[in-house]
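None of the figures in this text is laboratory data; all of them are computed from the coordinates on show. Here the structure is a predicted model, which means the values were calculated and not measured. We place every Cβ from the backbone using ideal geometry, glycine too, and count neighbours over all the protein chains shown.
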C-alpha cells in the first residue's frame with residue numbers, strides 16, 4: 001500500500017505538476033510505476049501531524065536500487081540512459097546504489113523535508129555499505145536548446161575524471177556543448193539547473 005501511495009505522489013509531481021508524458025496505464029491508474037518498483041526499497045517522508053485517515057500522508061519519496069538486486073534483475077533503471085555497466089566494471093570493489101524517482105509534494109518542499117530524505121539515504125548507505133551513488137536527474141522538457149547555458153556550463157566545468165566517466169547510450173546521446181563558453185554566465189547557468197543537478 002505504501003509503494004502505491006508513493007507512486008501516486010510521484011504521479012502528482014511528475015505528470016500533474018511537471019507535465020511528463022504518460023502512457024495508458026499511468027493515465028488510468030494515476031500512478032507513476034514501472035518494472036523496477038518491486039525491486040527497489042522506497043524511502044518515504046511522512047507527515048504524521050494530520051488528523052483522521054490521512055494521519056500518515058506520504059509527502060516525499062526516493063527510490064533506492066542496490067547493485068546486487070539490479071544485477072540479478074538485469075540492470076539498473078539508468079542503464080536505459082547511460083552505459084553504467086562499464087562504470088561498475090571499472091570499480092569492482094565498490095557497492096553501487098541507484099537513487100531515482102525523487103520527489104516532494106509542492107507544499108512540503110523545504111529544507112526540512114529534503115534533509116529528512118538525505119538523512120534516510122545516509123542511514124541506508126551506511127547500513128548496506130554503499131560506496132557509490134548514481135542515478136538520473138532531468139531538466140524540464142525535451143528540448144536541450146532550452147537549457148543551453150546550463151548544459152554548456154556542465155560540459156565545460158563538471159566533467160569527472162576518466163575513471164568515473166559515464167557516457168550516454170548512443171540512442172540517447174545529445175551534445176551538451178551548445179553555445180560558446182565565453183557567452184555563458186556562470187551564475188545564471190547554475191541558477192537554471194534543477195536542484196538534483198545543482199547539488
Top of 159, 95, 63 by mean-square fluctuation, Gaussian network on the chain, Cα under 10 Å: 159
Label-to-label distance, nm, for residues given as residue 48 and residue 172 (7 Å Cα→Cβ offset): 3.7
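Decide, for segment 144-198, between rounded, prolate and oblate: order the square roots of the alpha carbon gyration tensor eigenvalues as a ≥ b ≥ c, take rounded if a/c falls under 1.5, and otherwise choose prolate if a/b is larger than b/c, else oblate. List each step's numbers first, then the result.
On the way: a/c = 1.64, a/b = 1.44, b/c = 1.14.
Taking the square roots of the gyration eigenvalues as a ≥ b ≥ c, segment 144-198 is prolate.
Counting each DSSP H run of 4 or more residues in the chain as -39500 (n - 2.57), what helix-only mean residue ellipticity at 222 nm follows after dividing by all residues, to the nearest 500 deg cm²/dmol?
Numbers: 8 runs with 68 residues, N = 199.
After summing the helix terms and dividing by residue count, I get -9500 deg cm²/dmol.
Ratio to report: Rg/Rh of the chain, with Cα atoms as the point set and Rh obtained by the Kirkwood method; give two decimals. Numbers along the way, then the final one.
Details: Rg = 18.0 Å, Rh = 18.5 Å.
Rounded to two decimals, Rg over Rh is 0.97.
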Potential lengthening between residue 34 and residue 126 on full extension [0.36 nm per residue; Cα-Cα distance subtracted]: 30.4 nm
Pair residue 4, residue 109: separation of 7 Å Cα→Cβ label points (nm): 2.9
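How do 61, 113 rank when sorted from fewest to most other Cβ atoms within 10 Å of their own Cβ? It would help to have the intermediate numbers written out before the result.
Values: 61 25, 113 17.
Ordered by Cβ neighbours within 10 Å, fewest first: 113, 61.
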Segment residue 183-residue 18, extension gain: residue separation times 0.36 nm, minus the distance between their alpha carbons: 56.5 nm
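Arranged by the count of other C-beta atoms within 10 angstrom, fewest first, what order do 167, 57 take? Walk me through the numbers before you get to the answer.
Values: 167 12, 57 16.
Ordered from fewest to most neighbouring Cβ atoms within 10 Å, 167, 57 come out as 167, 57.
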